[in-house]
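Each value in this text was obtained by applying a stated rule to the coordinates, not by laboratory testing. Just so we're clear, the structure is a prediction, and the values are computed from it rather than from any experiment. Methodologically, a virtual Cβ is constructed for each residue, glycine included, from the backbone with ideal geometry; neighbour enumeration extends over all protein chains shown.
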Number of protein chains: 2
Amino acid sequence: MTWIEDPAFTADEPFGPQTLPYGVLPTGIAVRVGDQALPLRPIADHFGRLADLVSASSLNPLLAAGRTAWSELRARLTELVTASSAPRGATLVPLDGAVLPFDVADYVDFYSSRNHAENVGRIFRPDGEPLLPNWTHIPIGYHGRAGTVVVSGTPIVRPHGQRRTSDGPVFGPTGRLDIEAEVGFVCGGPVASRLTPSQAVDHVFGVALVNDWSARDVQAWEYQPLGPFLGKSFATSVSAWVTPLEAFAVARVTPPPLGNDVLPYLVEERPWGLDIRLEVEWNGDLVSKPPFRAMSWTFAQQLAHLSANGATVRPGDLIASGTVSGPARDERGSFLELSWGGREPVRVAGEERTFLEDGDTVRITATAPGEHGSLVGLAEVVGTITPADV
Amino acid sequence: MTWIEDPAFTADEPFGPQTLPYGVLPTGIAVRVGDQALPLRPIADHFGRLADLVSASSLNPLLAAGRTAWSELRARLTELVTASSAPRGATLVPLDGAVLPFDVADYVDFYSSRNHAENVGRIFRPDGEPLLPNWTHIPIGYHGRAGTVVVSGTPIVRPHGQRRTSDGPVFGPTGRLDIEAEVGFVCGGPVASRLTPSQAVDHVFGVALVNDWSARDVQAWEYQPLGPFLGKSFATSVSAWVTPLEAFAVARVTPPPLGNDVLPYLVEERPWGLDIRLEVEWNGDLVSKPPFRAMSWTFAQQLAHLSANGATVRPGDLIASGTVSGPARDERGSFLELSWGGREPVRVAGEERTFLEDGDTVRITATAPGEHGSLVGLAEVVGTITPADV
C-alpha cells in the first residue's frame, strides 16, 4: 500500500502508478496521481541533479534535458509515489487550475489516418479520387498556429470567418464548427535534424490528447492551394497532463500496411504504432471510439519526415497525428465525418446534431494497454463552445 | 554635421538618419547608422524609461512595448544620432556578427502578388485557371516553420526531400532550389485579436526583407491537399536589421484593384500599400527588380484577416508578404518564374541557370521613398548555397 490513498491511484485505474503524467499548476510542475496532483517543487530536494528541472514553472527545461533525464526522473518518481510513506514536504492537491504545460515552439498537424483522409476527400472533392497519390508515400502534414494552442478546459469562442455562399463570399460566425480528435507528441531533447525513425523516438517526451477545432465552411473556401489556415488557427486544445512516452512500451503495434514500399528514410525497424483507444463524448454521450492503432504513419516516421530536409526539431515542438478515424462509422474522429458533411445528423443527448452548437461540450479521453494488464491514461481534452463575439 | 562621420549616414543614402533600423549584435541591441552600428546598451541611460528595453539581448521586449514606446525611442534616437557631439558612452562598431534580432513566435507566409500567384498557377496547374476563385476575396496564406527562420548571411544547406519521378518517388537533394523575394512585417504591441486594418498597423513594429527558400520539386509533390511543408521548412532568411514602420510614412501607395469588392473586415480607409523597390542579385548580377507596390493585399489587410477568427497576434510574429512579382519578366521574385519552370534558363554571371547551384549566392536589397526625396533602406538578406549533407 502506497502513501497515496486515492482510489484512482491503483494499477487497475488509468492514472495509477504505471502512468504518472506531468502537468503545470500555478505553483509549478506536478505529477498526476489518480485524481490528484503531487507538486514537485516542494519535494525538489528528493531529485538530486534534477531538482532545478522539477522546480521550473513550465515543462520546457525538462523537455530540453533529454531522454536520460526523463528516464531518471520517472524512475525516481515511481519510487517516491509507491513508497509506503510520504516523502518529506509532499502534499497532494486537486487537479484544478492546470495551465498549458509547455511553451509550444512549432506546431505541426499531420493527416495520418487513411480513413479520415479518404472520408474528407470524398466529402470535399466528391468528383476526384478520395486519396491523393502522395498520401501513401509521404506523412502529409502542415504547420498550425502555435500561439493559439490552449490547455484543456479553455472555452472555445465560435470563430468568425469568410465562407462562400451562392451570393458570393460572406463573413460571420462559422456554421460548421467541428472537432478533430487527435493524439499529440511533445518533443524534447537536443535541437536536431535529419533524424531516423529510431533517433526520432529520443526526441519525444510524452503524449497528450489534442482537439484541433475546425471551422469547415471557412476551411472549404480558403484551403486551396496553400492548405488550412483560418479554418483551424483560432484554437487547438491539448490535455493539461502529458503522459511520458515510456509508459507506452507495451502499447506498440504495427500500423496497417500502406500498400506500397516506403522510401528508406521512413522505414522503421520495429514500428511505433500505438494501441491508444480514444473516446469522444458530445454533451456527455459517447459518440465515437477512434482507434489510434488504425493510423498509417507513426510519430517516429512523422518526425523523420519533417526533419529530413534539415529542419530542426526543438523542445516544445508539438506534433499532432491528424484526426484519428477508424473504418467504422462510430470510429470517426470528426463530426464532419460522423454527419457525412452535415447530411446525416447524429443523435446527441436527445437532440439532433451535425456540427457544434453554442453551449456544446466535447470531451476526448483515451487509454492504452500498460504492463501486467493495466491501463495507461491520457488526460482528457475538453472544451465548451461559447457564442461568437459581437 | 552629425558626430557620426560615415559617408553612408546622410539623407542621400538609404541608411541615413531617416531610416535607423534595429538589429542585435552579440553585445545587445544596436541601431544601424550608415555602414556602422551604434550599440544601445552602453548609452542606455540616455533613454529614460526605455533604458531596460534598449538594454535587452533581443528585440522582443521592445516589440512587446508597443507603438508609443517605439515612437518615443525613435524620436530620442534621432536626436542622439543627429546631434553635433556624441552622447556619453557612444561608440560605433562594424555591422558584422548581427544575430537573428528577435525570437520568431508564429511565422505566416502570404501569397499576395497576383502576378506571382498567376505565374505559379500556370506553371504548377497548366490545365486549370491560373488564379483560384478565392484569391481576390481572401489574403491567402499559410503557417511556416518559425524554428528555421535564420538571419541573413546564414549558409543555406541544399535540402533533401522526396520528389516524384517517372519511376515513382525518390529521396535525395533537391534539384530545384529556389528563392522567394518577400517583404516581412515584424509584429509587436499587446497580444490582440480581431484587429481592423487600422488597428493592425499598431501591431507592426518594422519591416525586413525575407527570402523564403523553396525546393520546388519537393513542393510540387507534397503540397496537395494541405499546402507547402518540407519544400519550405528547411530555412527562411530575414534581414539582420529591421526598419521601423514609421520610416515608411511617405512610401504609402494604393494597391492595384482586385476587380471585386472586398468584405468590410478587409476594407482600409487609406490603404497600406508600400512603394518598396526590391532588387535581386544572383552571383552579383542584378536579375530582377520586384515592385512591392504591385502587391494586391497589404500587411494591414493580412493582419486583419489572420486575426479575424479570434487568433491572437503576438510580439515576434513574422508576417511575410509572399513572393513579390511584378508583371514584367525582370520583375519576377522567384527563379521558378524567371526561368518559367526551368524551361527558359537565365544568364547569370556568364553562366546559364534555371535553379540554384551549390556555391550560388543570392542577395536581396530594397529601398522605399523617404521624406524630402530621401531613400529608406531595408537591410539586405543574403545567403549562399552549400552542398547537401551526406
For B:E352, inter-copy label-point distances (7 Å, Cα→Cβ), nm, shortest first, read 6.6
All Cα pairs of the stretch A:79-194, percent lying beyond 22 Å
63 percent
Over chain A: helical MRE at 222 nm, DSSP H runs n ≥ 4 each giving -39500 (n - 2.57), nearest 500
-4000 deg cm²/dmol
In Hz, Karplus ³J(HN,Hα) per residue of the stretch B:211-226 (6.51, -1.76, 1.60; θ = phi - 60°; x = Gly, Pro):
10, 8, 3, 9, 9, 5, 5, 5, 4, 4, 7, 9, 7, 9, x, 9
For the rotation taking chain A to chain B, which residue of A has the Cβ nearest the axis, and how many Å away is it?
A:G227, 1
In square nanometres, what is the average projected area of the Cα convex hull of the stretch B:295-336?
4.0 nm²
Placing +1 at every Lys and Arg Cβ and -1 at every Asp and Glu Cβ, with all other atoms neutral, what dipole size does the stretch A:305-390 have around its Cα centre, in debye to the nearest 20?
260 debye
Provide, for q = 0.14, 0.18, 0.21 Å⁻¹, the log10 of I(q)/I(0) from a solvent-free Debye sum over equal Cα point scatterers in the stretch A:234-294.
-0.63, -0.91, -1.05
Projecting each Cα onto the charge dipole of the stretch B:107-386 (Lys/Arg +1, Asp/Glu -1 at the beta carbon, about the Cα centre), which of B:G377, B:A308, B:G342 comes out farthest on the positive side?
B:A308
For the protein assembly as shown, what size does the Cα cloud have along each of its three principal axes, sorted from largest down, in whole Å?
83, 63, 55
Distances from A:P126 to the same position in the other copies: list them in nm, one decimal, shortest first, using label points 7 Å from Cα along Cα→Cβ.
3.2
Trypsin sites (Lys or Arg not before Pro) within the stretch B:1-94: DSSP coil, no more than 16 neighbouring Cβ in 10 Å:
B:R88
Neighbouring partner chain Cβ atoms per residue of B:313-323, average, 10 Å criterion:
1
Taking amide H positions as placed 1.01 Å from N in the peptide plane, with prolines and chain starts having none, which residues 5 or more places from B:A192, or on another chain, fall under 5 Å of its amide H?
B:V313
Volume per residue of the C-alpha convex hull in the stretch B:250-383, rounded to whole Å³
157 Å³
Considering every pair of different Cα atoms, what Kirkwood radius, in Å, is found for the stretch B:1-98?
13.4 Å
Hey, got a sec? Which GluC sites (Glu not before Pro) in the stretch A:287-390 land in a DSSP loop and have at most 16 other Cβ atoms within 10 Å?
A:E357
Taking the Cα centre of the stretch B:1-98 as the origin and placing charges on Cβ (Lys, Arg +1; Asp, Glu -1), which of B:A86, B:A75, B:A98 is farthest toward the positive end of the dipole?
B:A75
Quick one: dipole size for the protein assembly as shown, taken about the Cα centre, charges +1 on Lys/Arg Cβ and -1 on Asp/Glu Cβ, in debye to the nearest 20.
20 debye
Could you check the simple spin-label distance between A:D330 and A:L132, using points 7 Å along Cα→Cβ, in nm with one decimal?
3.4 nm
Whole-Hz couplings from phi, Karplus 6.51/-1.76/1.60, listed for the stretch A:293-300; x for Gly and Pro
5, 7, 5, 8, 10, 8, 4, 5
What spacing in nm lies between the two simple spin-label points modelled at B:S57 and A:D12, each 7 Å away from Cα in the Cβ direction?
5.4 nm
Given the Cα-Cα distance of B:D261 and B:E344 and 0.36 nm per residue of separation, how much length would full extension add, in nm?
26.2 nm
Let me know the charge dipole size of the stretch B:107-386 about its Cα centre in debye, to the nearest 20, where only the beta-carbon of Lys, Arg (+1) and Asp, Glu (-1) is charged.
360 debye
Whose amide H sits under 5 Å from the amide H of B:V253, counting only residues 5 or more places off or on another chain, with H placed in the peptide plane?
B:G273, B:L274, B:D275
How many nanometers, to one decimal and shortest first, lie between the label point of A:V191 and those of its other copies, if labels sit 7 Å from Cα toward Cβ?
2.3
In order through the stretch A:74-80: 3J(HN,Hα) via Karplus (6.51 cos²θ - 1.76 cosθ + 1.60), integer Hz, x for Gly, Pro
5, 5, 5, 4, 4, 4, 5
Toward the positive end of the charge dipole of chain B, about the Cα centre and with charges on Cβ (Lys, Arg +1; Asp, Glu -1), which of B:V157, B:T298, B:I364 goes farthest?
B:T298
Per 20 Å bin, what percent of the C-alpha pairs of chain A does each bin hold, from zero upward?
29, 58, 13, 0
